[in-house]
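Q: To start, I am sharing the structure in question, which I have written as structure tokens.
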Amino acid sequence: MIRKMRLSILLFVTLLVSFSSCKESREEQIARMVEEWSGKEIRFPEKPVFTIQCTDTVGAPAIGAPYKVLVYVDSVGCMSCRLQLPKWKELMATTDSQAPGKVAFHFYLFPKDLREMRYILRRDAFTHPVCIDTADSLNALNHFPSEDTFQTFLLGADNRVLAIGNPVHNPKVKDLYLSLVTGRKQAAPSATTTVSLDRTVVELGTFSWSEVKTDSLFITNTGDRPFVIHDVVTNCGCLQAKFSKEPVRPGERMKLNVIYRADNPGTVDKLLQIYGNVEGEKLDVRVKGEARKE
């Protein structure tokens, strides 16, 4: 088991570094962090309280599952941006279809504003049990890293860390998690192609902050291999993308729909990253606008 964990952690370091353009010192820092948490046992509060949308108290999720995904989110920064609840719903559905009954998802949230937390859970129709840890007791027991990249863990039945990293922020980490819980090897990288975007900035204009704003962009396959989107990652739960998962043949184009739901009035400047079989592995698109008060 220890050998398996070390191999998993080593693989994770390789994947994480491949997504980073940082200097060597940063890569060494990541390696040390991952090595530190490899095989470490996560301690849980004795009597955590789980609720549905901060209202109905329920039991802890699937205590007897052989794997746990532990998601800890502290009160620093934008809670909606860091949570990405629509992406978690997608990942939980995918995991349940590929490894039914094997993985329990434990969300421990330490919000600075309980009303905002309740709003986000209801807005995103997130009905999975969450623990609103107002005392930050889970963090007090474990002293998690301050960087949110290292606040999500895949645990074994003994609550020891098998992998670290946020699978909804990084599709390769998601593939790593799924490969570990299913026992299947990760898919080999697809042959790359070239694509062009009809625009790299989506301008939403000025709109009422309570309005659901939609727009779209087109991606044309200019290469000689089929283009496949592996995932679309945003830096805020208020921004989502809808797209076909069918390969785009050379010379053809696909439509990607952008959906924005403002949390509050203000300037919109969000990042949408399209991961696929292209050089550099991703395409960056900015989404801008002004959400005004009614």
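Q: Looking at Arg122, Arg43, Arg115, Arg82 in this structure, which one is closer than 25 Å to Pro171 by Cβ and either open to solvent by 20 Å² or more (accessible area, probe 1.4 Å) or outside any helix (DSSP H, G or I) (or both)?
A: Working: Arg122 fails: closer than 25 Å to Pro171 by Cβ; Arg43 fails: closer than 25 Å to Pro171 by Cβ; Arg115 fails: closer than 25 Å to Pro171 by Cβ.
Arg82 is the lone residue from the list that is closer than 25 Å to Pro171 by Cβ and either open to solvent by 20 Å² or more (accessible area, probe 1.4 Å) or outside any helix (DSSP H, G or I) (or both).
Q: Still on this structure: Any idea which of Ser190, Ser210, Ser244, Ser196 is at pLDDT 95 or above and of a type outside the set (Asp, Glu)? Quick ask: steps written out before the conclusion?
A: Working: Ser190 fails: at pLDDT 95 or above; Ser210 fails: at pLDDT 95 or above; Ser244 fails: at pLDDT 95 or above.
Only one candidate qualifies: Ser196.
Q: Next up: Within the set of pairs 6+ apart or on separate chains, which have a first residue in the range 44-59 that is over 21 Å from Leu141 (Cα atoms), a second that is open to solvent by 80 Å² or more (accessible area, probe 1.4 Å) and of a type in the set (Lys, Arg), and C-beta atoms under 6 Å apart?
A: Close Cβ pairs (under 6 Å, with a partner that is open to solvent by 80 Å² or more (accessible area, probe 1.4 Å) and of a type in the set (Lys, Arg)) amount to Gln53/Arg122.
Q: Could you please find all residues in the range 125-143 being at negative phi, exposed (fewer than 15 other Cβ atoms within 10 Å of the Cβ) and under 18 Å from the mean Cα position of the chain (by Cα)? Talk me through it step by step, then tell me what you get.
A: Just the residues of the range 125-143 that are at negative phi, to begin with: 126-135, 137-142.
From the residues that got through so far, the ones that are exposed (fewer than 15 other Cβ atoms within 10 Å of the Cβ) too are 127, 134-135, 140-141.
Residue satisfying the conditions is Thr127 alone.
Q: Same structure, new question: Open to solvent by 10 Å² or more (accessible area, probe 1.4 Å) and at pLDDT below 95: is that true of Ala163 in this structure? Talk me through it step by step, then tell me what you get.
A: On the way: open to solvent by 10 Å² or more (accessible area, probe 1.4 Å): no; at pLDDT below 95: yes.
Considered against the rule, which asks whether it is open to solvent by 10 Å² or more (accessible area, probe 1.4 Å) and at pLDDT below 95, Ala163 comes out as no.
Q: Looking only at residues that are in a strand (DSSP E or B) and out of contact with any Lys or Arg (no Cβ under 7 Å at 6 or more places or on another chain) in the range 271-285, which one is surrounded by the most Cβ atoms within 10 Å (Cβ to Cβ)? Give the derivation first.
A: First, the residues of the range 271-285 that are in a strand (DSSP E or B): 271-276, 278, 282-285.
From what is left, the residues that are out of contact with any Lys or Arg (no Cβ under 7 Å at 6 or more places or on another chain) are 272, 276, 278, 282-285.
Numbers: Leu272: 23, Gly276: 21, Val278: 21, Lys282: 16, Leu283: 20, Asp284: 12, Val285: 21.
Within the range 271-285, the match that is surrounded by the most Cβ atoms within 10 Å (Cβ to Cβ) is Leu272.
Q: Looking only at the range 24-36, decide whether some residue is surrounded by 12 or more Cβ atoms within 10 Å (Cβ to Cβ), at pLDDT below 75, charged (D, E, K, R) and within 22 Å of the chain's Cα centre (by Cα).
A: Yes: the range 24-36 contains one or more residues that are surrounded by 12 or more Cβ atoms within 10 Å (Cβ to Cβ), at pLDDT below 75, charged (D, E, K, R) and within 22 Å of the chain's Cα centre (by Cα).
Q: Which residues, taken from the range 220-250, are in contact with a Phe, Trp or Tyr (Cβ under 7 Å, 6 or more places away or on another chain) and touching a residue at least 60 places away in the same chain (Cβ under 8 Å)?
A: Step one: of the range 220-250, the residues in contact with a Phe, Trp or Tyr (Cβ under 7 Å, 6 or more places away or on another chain) are 221, 229-233, 238-239, 247-248.
Selection gives Asp231, Val233, Cys238.
Q: Among the residues of the range 46-59 satisfying the criterion of being of a type in the set (A, V, I, L, M, F, W, C) and in a loop (DSSP other than H, G, I, E, B), which is nearest to the chain's Cα centre (by Cα)?
A: Going through the range 46-59, the residues of a type in the set (A, V, I, L, M, F, W, C) turn out to be 49-50, 52, 54, 58.
Cutting the leftovers down to in a loop (DSSP other than H, G, I, E, B) gives us 49, 54.
Details: Val49: 24, Cys54: 22 Å.
If we take residues in the range 46-59 being of a type in the set (A, V, I, L, M, F, W, C) and in a loop (DSSP other than H, G, I, E, B), then Cys54 is nearest to the chain's Cα centre (by Cα).
Q: For the range 91-106: of the residues being open to solvent by 60 Å² or more (accessible area, probe 1.4 Å) and touching a residue at least 60 places away in the same chain (Cβ under 8 Å), which is nearest to the chain's Cα centre (by Cα)?
A: Gln98
Q: Another question, if that's okay. Give, as residue ranges, the strands (runs of 3 or more DSSP E) completely inside the range 170-267 that count at least 2 residues that are open to solvent by 70 Å² or more (accessible area, probe 1.4 Å). Don't jump to the end; show me each part of the working.
A: Numbers: elements: 195-197, 201-208, 212-221, 229-234, 239-242, 253-261.
Ranges flagged: 201-208, 212-221, 253-261.
Q: Right, next: Would you call Met5 surrounded by 12 or more Cβ atoms within 10 Å (Cβ to Cβ), more than 26 Å from Leu271 (Cα to Cα) and at pLDDT below 75?
A: Working: surrounded by 12 or more Cβ atoms within 10 Å (Cβ to Cβ): yes; more than 26 Å from Leu271 (Cα to Cα): yes; at pLDDT below 75: yes.
Yes, satisfied.
Q: Considering only residues of the range 51-77 that are open to solvent by 50 Å² or more (accessible area, probe 1.4 Å) and not aliphatic (A, V, I, L, M), which is modelled with the lowest pLDDT? Give the derivation first.
A: Here is the first cut: in the range 51-77, the ones open to solvent by 50 Å² or more (accessible area, probe 1.4 Å) are 55-59, 62-64, 66, 76.
This time we only want the ones that are not aliphatic (A, V, I, L, M), so: 55-57, 59, 64, 66.
Working: Thr55: 89, Asp56: 86, Thr57: 91, Gly59: 86, Gly64: 81, Pro66: 94.
Among those that are open to solvent by 50 Å² or more (accessible area, probe 1.4 Å) and not aliphatic (A, V, I, L, M), it is Gly64.
Q: Just one of (1) over 15 Å from Thr200 (Cβ atoms); (2) free of Cβ contacts under 8 Å to residues at least 60 places away in the same chain trips up Asp263, so point out which.
A: For Asp263, the failing item is (2).
The values are calculated or read from the model by the stated rules, or taken from the named source; none is laboratory data. Only a predicted model underlies this, so the values are computations on that prediction, with no experimental measurement involved. When we count neighbours, we look across all protein chains shown, and the Cβ atoms used for this are built from the backbone with ideal geometry, even at glycine. SASA here: full protein model, heavy atoms, side chains in, ligands and nucleic acids out. Shrake-Rupley method; radii C 1.70, N 1.55, O 1.52, S 1.80 Å.
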